Amino acid sequence: MPFNLPIERLFGGNPLIAPTTNAWESGVTFNAAATFLAPTPENHAAFTALLGHGAEELHPNGIVALHYRARPKLDPGHPWTRSSVGLSVHEPDLTLIRRFETPVLVPSDDGRFADSQGAEDPRVTRLDGAWWMTYCGVLPIEHPDPEQAWRGSVCLARSTDLVTWTKFGAASGTGEAFRNVGPIAKTSNKDGVLFPDRIEGKAVLLHRPMMGPIDTWSTCLAVADEIEGPYTDLGAVHGAMTASEYSHSWVGAGAVPIRIGPGRYLSIEHTGNYLEGKRRKYVLDAFLYDFNQWDHRQPSSIMRARMDDFMRPETDFEVNGPYPDSVANVVFACGAYVYDGWLYLVYGGGDSFILAARLRLEDLLGRLEDLERLNWREPAGVR
C-alpha cells in the first residue's frame, strides 16, 4: 500500500509540456530532468544562454531548466521513432517562461554509435564545475524478438551552459554492465544518475544493468576517477520489494539525488511492475542514502531507509496513454528539486506528457528518518 503523503498535483494535473507540431516532438514528450538555478556567478553563463543578458535581474528567485525526452510521430528510415532531448525554462513554481524550438541533444548520425537510435531519459547533475547529462543511448542489434532488438547504454554529455552539449559516448568500465565492444554494450544498462558530489574523491553513479530475469534487476553503484569513466561497478544497492498484485517487479534510479546533509541524500526512484497481460504500472519510491559509514564491499550499506510506492498513477494523464508510443499507468521521475521548503517532482505521465507535483520536503524526510531511527533494513528475500 502507498504511504499516505499529501502530494499536490500542479496545474490541475494537466501537462506542463505536451507534444507540439515540431516534427521532433510531435509524438510524445516525457521524462524530464529538472535543474534549479539560483542567480549566482557560477550560473551566469546558463542564465544568459537560456534567457539572454540580464536574466538574473528579471528572475531574482531563480529559474528551472527542464531537459526532456521527445519523440516524433514518424521517423522514416528507422526501426522506431528516435528520442531527442528538448529544453524549456520555467519559474521556480514551473510556470513556463521559454520553450526551445529545436532539441539540444539528438541521436548520432553514425549508426555505429551508442545513441544512433535515440537519446532517452536525461538526468542533469552539476559536478566539478560543469553540468553532466546522463542519458540512455539506444542502438539496434540483430535479434529475432523485435522487443529485444536493441541495446541501451548509460551515455554521458557535458555542458557549461545547459544549452550546448559535448557527448562522451557510452560509459565504459569494469563489470558486466560496462563491458562494451566498441560502442555496443553486451548488456543493456539504463537509468544512469550521477550524485551531485564526489564521494571520497570519486564520481558516483547509480545505474541499472538489465542482467538476468527482470525480477532480479537492481539499482547498482559505480565509481570513477573521471566523470566520463572508466567506472568500477561495485554491485547492487537494492532490488524491488515483492508485492502480490504484480507478476514481476523491477527497479531503476530516477532524479538526481538531493543533498540533505554531509554525505546524505534523498533519492526519488521508481519501481516498474507487470500486471496481467503484461500491462505495466510504474510507481515512485523514496530512498535515504548515507555515505558516512558505508562499506565499499557492500553498496547496500548506503541505504538507510526506503519508502516504496509513495506516489502512484491516479490522474487521467498518468493512467491513460493516448498515443501509439504511450505506455499507460506510469509516473516516472527524472527530475526533482527543492524550493521554498517544497520538493518538486517533474515526471512523465503515461509516457506521453510532462507533469509536475510537489510535497513538503519535511513530510517525506520525516517519514524516512523515522524508518532510519527504527534501524530499518531491507527484509531478506527481497528480489
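The values are calculated or read from the model by the stated rules, or taken from the named source; none is laboratory data. Predicted model only: the values in this text are computed from it and were never measured. All Cβ positions, even for glycine, are placed from backbone atoms using ideal geometry, and neighbour counts span all protein chains on display. For accessibility, only protein heavy atoms count, side chains too; no ligands or nucleic acids. Shrake-Rupley method; radii C 1.70, N 1.55, O 1.52, S 1.80 Å.
Data for the structure
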item: In the range 251-273, the residues that are open to solvent by 30 Å² or more (accessible area, probe 1.4 Å), in a strand (DSSP E or B) and not basic (Lys, Arg); result: 260
item: Identity of the residue in the range 206-234, over 23 Å from residue 307 (Cβ atoms) and not in a loop (DSSP other than H, G, I, E, B), that ends up nearest to the chain's Cα centre (by Cα); result: 209
item: Among residues of the range 42-58, those that are over 24 Å from residue 119 (Cβ atoms), in contact with an Asp or Glu (Cβ under 9 Å, 6 or more places away or on another chain) and open to solvent by 20 Å² or more (accessible area, probe 1.4 Å), counted; result: 2
item: Strands (runs of 3 or more DSSP E) fully within the range 59-107 counting 1 or more residues that are among the aliphatic types (A, V, I, L, M) and open to solvent by 10 Å² or more (accessible area, probe 1.4 Å); result: 96-99
item: Test: residue in the range 281-293 that is at pLDDT below 95, open to solvent by less than 50 Å² (accessible area, probe 1.4 Å) and either out of contact with any Asp or Glu (no Cβ under 9 Å at 6 or more places or on another chain) or part of a strand (DSSP E or B) (or both); result: no
item: Residues satisfying the stated conditions in the range 294-307, i.e. part of a strand (DSSP E or B) and within 16 Å of residue 208 (Cβ to Cβ); result: 303, 306
item: Leading residue by the ranking (nearest to residue 90 (Cα to Cα)) among those in the range 5-21 that are in a loop (DSSP other than H, G, I, E, B) and open to solvent by 80 Å² or more (accessible area, probe 1.4 Å); result: 21
item: Number of the condition not met by residue 196 [criteria: (1) assigned to a strand (DSSP E or B); (2) over 24 Å from residue 139 (Cβ atoms)]; result: (1)
